[in-house]
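The values are calculated or read from the model by the stated rules, or taken from the named source; none is laboratory data. Small disclaimer: the values here were computed from a predicted structure and weren't measured. Don't worry about glycine lacking a Cβ; one is built from the backbone with ideal geometry, like all the others, and counts go over all protein chains shown.
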Amino acid sequence: MKVSMLASGAVLALSLVQAASAAPRLDGVVSDHAVLQRDRPLVITGTARAGEAVLVNLAGRTARGRADGDGRFSLTLPPLGAGGPYQMLVTAPSGQVVVDDLMIGDVFLCSGQSNMELATAQAQNSFQIAGAADEGLRLLTVAKRVAATPQSRFDQPPAWAPATPGTIAGFSAVCFYMGQDLRKTAKTPIGLIHASWGGSRISPWMAPEGLRAAGMAAEAATLELYTRDTAAAEVAAADTWGKWWRDQSGDAPGREPWHADGVLDWRPAPGVGAFNRWGVPDLASYVGMVWFKKDVVLTAEQARQGAVLSLGAIDDADRTWVNGIPVGGASIASAPRRYRIAPGVLVEGRNAVTVNVDNVYAEGGMIGPANLMRLRFDDGSEIAIDAGWRYAVAGRPKSNAPRSPWDDINGAGTLYNAMIAPLGTVGLKGVAWYQGESDTDLPGYDRRLRAMMADWRRQFATPDLPFAVIQLSAYGATASRPTESGWARLRDIQRRTTEADGHAAAVVTIDLGDPLDIHPGEKQEVGRRAARALRALAYGEDVAPSGPGVSSAVRNPDGGVTLTFKGASGGLVTHSANVAIGFELCAETGSCRFAAAVASGDTVVLAGDGKSVARVRYAWADAPAVNLFDQSGLPVSPFEIAVP
């Protein structure tokens, strides 16, 4: 994208520089090599000098308008059919923007957490990258950013690039393989916009309207407070966390671990680094919370000042207090913590720094490095605080700890504000969403998923915008007997929410996981299945978007149950056995037991066992073994269904 001047040759060089800085600038993702959505009005927005006329020309179509008092303009071109490459000109008295190699086709947005973010070079079949170049497939990755309020533009406009071995390698594998597969049937240029962040919950991807609709109005209000009064917002977030802790622990107010009277089994910490490597047997594979405390003795001169508390990196999340007063908290494991301590918090003599470390995956602790662990005073002096810490094991909490609404990846709206809102009203053909690991066991995911889809449909001005929601793959504990599973519950929420939506579908991946790897390498088939779902939802092809899914349960005279399935192409088949495994008969509450099951056509019959049956569950484990598919090779989605 080039900016050129339309100034008279008599204008001074200084005037040229000033005019160049005020030349039109485009918002969103309209730049060289972009793909814009066909058969939809094309909205071109940006900034120019306040009040000046702006003209846009593309493929023989023109639109005229004028920048408002703030320098904002919005021009709408009539719909275009698939084609290109084109050159688009945006002209104003202050300058001209030239956008080269512009294509008109279908645009898809891919978003979520780490399984969407995982790059093609890291996935299985990456050897195919060498021969995967496609001039008609264009890729764009939105840089990771956070913001407390919705942004109208990106800090740095993201850049499109045609699919070449060099650009494919670092691009989202699921998104690339989905687009590659869609290209085989759509026969049109395809643009893929990738905006994801590993470890993120769904709430950061939601707009303020969605947060309120999903019961997170308090979080939205606290985030708004954060933009006006950071200290007050920090106190509000810490109060929420403190209430959660008291509900978990039963501690009375004033007796929590961050107070001087908090009583725990404090022991000397062996040093800086992951506590799993300390050589303490009980911590070798520990996932849960650990408290850390250190006493810092200050002089009267030091205590009179404000300071910055630097703790280094903390894995995964922390909540930190000084003398019982909250000073901060975050949840990106690799990010060094630096918290402002206001004047008046520190005291002469002993000062207690208390840190709660919440390890939710793999290793955890105060990672350091030690040289970053400092207390720096406003006068520029500092003291080291890497030694002398004590620790106490808190156990695994009964529910997930709340995060600050401004938390990068676990907050409320932070990623939507910086990574989705700046896309503006760019036309989309569909969305692929791969997320949920970080929301497992957090109540209300169905409300949040519905609200997020509504948010994005509202932003992109498409009430029926299709969503391919990729289910969680198998990971973690297998099951030798019926058990509860947060991962299974979330998969069922994804299934039920998409079925009820009417313009969404669950992409079933239960057979493509790895019990030992939360990031399974088989992403090509995931992309193909997402493409299948979007063929049905976005292109109207006559295929079942999700494959076989349960539709009804009927009680049999012998106490068994007959299940009927929809979307089973060619009927149901069992692999490696003549019976279907993974089915459970369950009482109204409490116990479930495995059931003998036989598949035939689009039904599965579960034999009765003489016990009460109120529910049927299937594949109800973090990493279940499954063998029930349809003739096209798609697995039956995990589910729970009531038996009338």
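In table form, for the structure just shown:
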read-out	value
Tabulated pairs, segment 61-75, first closer than 7 Å to Ala50 by Cα and in contact (Cβ under 8 Å) with a residue 24 or more places away in the chain, second among the aliphatic types (A, V, I, L, M) and surrounded by 15 or more Cβ atoms within 10 Å (Cβ to Cβ), C-beta under 9 angstrom, 6+ apart or interchain	Ala67/Ala48; Ala67/Val54; Ala67/Ala92; Gly71/Ala22; Gly71/Ala48
Residues located in segment 40-78, provided they are in a loop (DSSP other than H, G, I, E, B), over 14 Å from Arg25 (Cα atoms) and touching a strand residue (DSSP E or B) at 6+ places or on another chain (Cβ under 7 Å)	Pro41, Gly51, Ala59, Pro78
Residues located in segment 221-239, provided they are buried (at least 20 other Cβ atoms within 10 Å of the Cβ) and either of a type in the set (Asp, Glu) or farther than 22 Å from Gly210 by Cα (or both)	Glu234, Ala238
Every residue from segment 26-48 that is at pLDDT 95 or above and either surrounded by fewer than 18 Cβ atoms within 10 Å (Cβ to Cβ) or acidic (Asp, Glu) (or both)	Asp32, Asp39, Pro41
Flag for Thr222 being polar (S, T, N, Q) and without any contact (Cβ under 8 Å) to a residue 40 or more places away in the chain	no
Residue that is farthest from Val431 (Cα to Cα), among those in segment 476-518 that are among the β-branched types (Val, Ile, Thr) and outside any loop (DSSP other than H, G, I, E, B)	Ile493
Candidate set: segment 452-496, residues that are without any contact (Cβ under 8 Å) to a residue 60 or more places away in the chain and among the aliphatic types (A, V, I, L, M); chosen: the one farthest from Leu534 (Cα to Cα)	Leu490
Residue check for Ala59: surrounded by 15 or more Cβ atoms within 10 Å (Cβ to Cβ) and aliphatic (A, V, I, L, M)	yes
Test: residue in segment 116-131 that is of a type in the set (Val, Ile, Thr), farther than 20 Å from Arg532 by Cβ and either modelled with pLDDT under 95 or part of a helix (DSSP H, G or I) (or both)	yes
Residue in segment 133-154 that is β-branched (Val, Ile, Thr) and closer than 16 Å to Asp181 by Cβ present	no
Strands (runs of 3 or more DSSP E) enclosed by segment 264-349 - at least 3 residues per element that are surrounded by fewer than 16 Cβ atoms within 10 Å (Cβ to Cβ) and of a type in the set (Phe, Trp, Tyr)	none
Filter pass, Met1 being modelled with pLDDT under 95 and either under 24 Å from Gln151 (Cβ atoms) or under 35 Å from the mean Cα position of the chain (by Cα) (or both)	yes
Subset of segment 417-443 that is in contact with a Gly (Cβ under 6 Å, 6 or more places away or on another chain) and part of a loop (DSSP other than H, G, I, E, B) - its residue that is farthest from Ile332 (Cα to Cα)	Val426
Filter result for the condition that a residue is in contact with a Pro (Cβ under 9 Å, 6 or more places away or on another chain), at pLDDT 95 or above and buried (at least 21 other Cβ atoms within 10 Å of the Cβ), over Ala392, Ala432, Ala418	Ala418
Within segment 350-370, tally of residues that are over 24 Å from Gly306 (Cα atoms), in a strand (DSSP E or B) and of a type in the set (Gly, Ala, Ser)	1
Out of Tyr539, Tyr618, sole residue that is at pLDDT 95 or above, among the hydroxyl-bearing types (Ser, Thr, Tyr) and closer than 30 Å to Asp464 by Cα	Tyr539
Pick from segment 451-475, criterion surrounded by fewer than 19 Cβ atoms within 10 Å (Cβ to Cβ) and not aromatic (Phe, Trp, Tyr), ranking: nearest to Val636 (Cα to Cα)	Asp464
